[in-house]
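Every number in this text was worked out from the coordinates using simple rules, so none of it is lab data. Keep in mind it's a predicted model, so treat the numbers as computed, not measured. Every residue, glycine as well, gets a Cβ built from its backbone with ideal geometry; the counts of neighbours run over all protein chains shown.
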C-alpha cells in the first residue's frame, strides 16, 4: 500500500456544486464531476493503450495479440474501493471502463502469463501458471525520505528550494540507466505531489528477473542502515569511488550541493545545522577547530558572502590541507555531499515485478495536479508548483469554447506541452523500436523454420 | 532412471564422464534402498561442506575437507559404481528439493575483451579495482564482456564496471558468472521436475517413492538441531529479556527500534515478525543448488538448517505488535492497516502460506532504504554504527576488531558467529546460518548454564 492511500481524505469535497458557478473560474479540488470531464476530454486513453501494447497492436504477423490483455490495471474508486486485476481487450474497452468507473487513481501492474481477470480459472489447474512475466523496471523517489536533509518543508510538502533534490535524482539515475545499463526508453513522471516515478520500458528491462532488478537497485544504493550514534548515513570506503559514483559526484552532486542546496537549505546557518555536518567528521581536532571559528564569528556579520558557502569552504580547506590526512577523513567531503544530495530510492518498488505503480496522467487526489511526464534533458526547468491542476485544465477547456475538437482537446490546455513531451521524447521512439524488434524477431523465426524445412 | 525393487542388476558399465554435469538423468536402474541411502550420504557431504564454509575454512582446508567427506560417504564397494552413486544421489536430491525451486532464465555468452577495447576502458577498470581493494588490472589479465543481467551479484556490489549494458568482469570474477548460470539451470530443471512430480509421478509412486522423498525433504536433520524442546513457546512479557540475552544483532536492532519509534517499516515488520513466530522447516535447497559446482562454492556461504522460530503464537504476536504500534498510529489504525499483515504472516489471510522466517542469506541480500531498519547489521550498518552496537552487546574491544575483520572481508555470517561466541563465552561450531538458529543455540547455552548453577 502506498503512503498516499493511507492518508485520510479531508479536502476533496469542499467544492460542492462548483459546476453551477458563473464564469470560467473552476474552484480547486478533485471530484467525480471534474474527473468525468477529464477522462472524457483530456486523458490520453489511446496513447496509454499504444504504450502498453508495445507494438503488439499492429497488423504484423509477429505481433502477440494477447499481450495487452495480460496487463493488470487497478482502479481506486472514490469511496476507497480498490479494484485489482482489471484487464482489457482493446483500446476502447480500456477507455470505456475508465470513463464509466471514473477512478481517482489508476495503477499499472505487470503483464502476467495469462489474462489476470481470468486468474481464478487458471488457479484451479493447480499448476501455478498465473505469474508475472514482464514488467517495466520502475523507480519511486519520494521527498518524504529526504526530511532529515531539507529545512524548507517536511512531509508531503515541496517547494522550489527542495525540489532540486528530485532534479538530482533524475539526472543521476537517468544517466546511469542509459550509459551504464544501456537502456533507451525511459519515462520520468511527476507523481502529482512530492516525488517522481521512473519507468524503464526497453524490452530487456521488462524481462528482468526479480534478482536482476534487486541487483540494479543495489547498484544505486549508498545509504547504510544506522542508529542515532552517528549521523553518517553514507559510508564510502575504498581507495577510489566506483566510476558510477565518481561520475555522479563530479557531474551532478557536487555542483548542486555547492551552488544550490548549500544556500537554499541554509545548511550551515545555525549551530544545530552545522553540528549535524560536523558529526560526520570523525576527527576531533578538525571539528573543534571549525566549531571554534564558527562560534566566534557568529556576530561578525559576513554580509557579503553567504555564510553557508563561506563555512563550507572553510571546512573543505581544513580537510584538504596537508595536516589532516587521516584515514577516515579521505572521503569526508564526498560523504557529506552524498548524504545531502544522493537519490533515495524506495527499494521495494524496484525489486519485484508485481509492484503496482500509479499511471502517468492520473490526477493526484490531494493536490489535483496531473502526473505529467518530465523531460530528463530539461528536468532543471521543471517546476512542480506550476503543473496543471484539474480545475485549471477545466477552466482552460471552458475558455476555449464548446467547440468539439474531439481529437486533441488537450492542445487547448496547458496539458498540451506535457502530451508533446510524452510523445516526442518517449512514446514515438519507443514504438519505433518495438516495431523493429517485432519485425526482426519474426524474420529470424521465419529464417529458422526455413532452415529446419531444408533439413 | 528407474527405481527397482528386485535384486540389483548390474548398473550400466558404460564409461561415464568423471566430471558429471548432471544435465540429464541417467538411464539406470536403482535399488529402492540405494535410492534413499545414496541421497542420505550425499546430504552428509553437503552438510559437512556447509559447516566448513560457515567456519570460514581456507580454500586449501576446504579441498581436504571435501575430499575426506567424499571418501567417507560416497564410497562404494564396487569402484565402478562410485560415479553412478554420485549421479543417482544428485538426481534424487533434485526430486526432493524441486518444490522450493525458483525460476530464472539466462543465456550464455562469454567474450574476451580485445586489447584495444581494454585500453579504452583501462582507467575505469582500474577505478573499480581500487574501489574494491583489488590490484590494478594489467594487460595480461583477461576480461570478459557479459550482459550485466548475468552477474547480478557483481552488479549489486558495484564490483564491476558496467557500460551500455555490458559488465566487464575479470577472470577471477568468473566464479560469480558460473554460479549464476548453474543456479539458473538447476532451478529451471527443478521447477520442471516439480511440475512432473506433482502432476503425475507422486500419485503413481504414492506407496513406494513418494514416502521416501517426502521424508528426505523434511526429516533429515543435522545432529545439532533435532530437538526443539524447552522453549517452544514464549509469551509477550518474556520478549524483553530474550531480546537482550538471545536475539542476534539484526533482530535486537529491529526490536529496539520498534520500542523506540513504536513503528517499523514493512521490511522490518517482516524480518522481525517471522523471526518471532513459531515455525519448523528445513531448507537444504540453497546448499544443494551449489552442490555440483564444488570448485566454485568456496568463498560463498550457503545457509541450511532446521529452523526453530522463537515461538510467539498469533494472538500473542498481535498483542505484541499492537502494544507498540498503537502508541504511534492508534489502536484503530493498527487494527485496520497492520493486523492483516500479521495474520498474513501466520498464513491466516491472503494466499494462506505459512511463511518461513528469513535466513541469513535472505537478510544479507536485502536492500534496506533510508528509514528502514531491517537487513544484516554486519553488511548494512556503517562501520561506526556497527562498532557502537557491538560494544553495546558487551563484545570487548578485541572481539570487536575480530568481528570488523570478518566484515571487511564480507564474511557477514562469520562476523555474527564471532559475536555469538563473544557474547556467550562459548564456541559455536556450526556457525550462524539463521537468526532462529542463533536464538536456539543461545537458549541452549543459557539453559545449560542455569542447570549447572542450580
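Some values worked out for this structure:
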item	result
Estimated distance in nm for a label pair at residue B:319 and residue B:200, the labels positioned 7 Å out from Cα along Cα-to-Cβ	5.3 nm
Averaged over A:240-253, number of beta-carbon atoms from partner chains that fall within 10 Å	4
Peptides ranked, highest mean first, by Cβ atoms within 10 Å: ranges A:235-242, A:270-277	A:235-242, A:270-277
10 Å Cβ neighbours from other chains, averaged over peptide A:172-183	3
Order of A:336, B:87 under a 10 Å beta carbon neighbour criterion, fewest first	B:87, A:336
Burial ranking of peptide ranges B:195-206, B:241-252, B:398-409 (average Cβ count within 10 Å, highest at the top)	B:241-252, B:398-409, B:195-206
Cα centroid separation, segment B:387-450 to segment A:236-267 (Å)	37 Å
Packing-based order for A:249-262, A:179-192, using average beta carbon neighbours within 10 Å, highest first	A:179-192, A:249-262
Peptide-level mean, for B:360-367, of C-beta atoms on other protein chains within 10 Å	3
Acute angle (nearest 10 degrees) that the helix A:210-219 long axis makes with the longest principal axis of chain A, alpha-carbon atoms	30 degrees
Segment A:349-398 and segment A:108-177: distance between their alpha carbon centers, rounded to Å	14 Å
Neighbour-count ranking [beta-carbon atoms within 10 angstrom, fewest first] of B:121, A:281	B:121, A:281
Estimated 222 nm signal from helices in chain A, with DSSP H stretches of n ≥ 4 weighted -39500 (n - 2.57), rounded to 500	-10000 deg cm²/dmol
Convex hull of Cα atoms in chain A, direction-averaged projection (nm²)	29.0 nm²
Projected area, mean over directions - segment B:111-180, Cα convex hull, nm²	4.2 nm²
P(r) histogram, all alpha-carbon pairs of segment A:161-264 included - 10 Å bins from 0, percent	12, 37, 39, 12, 1
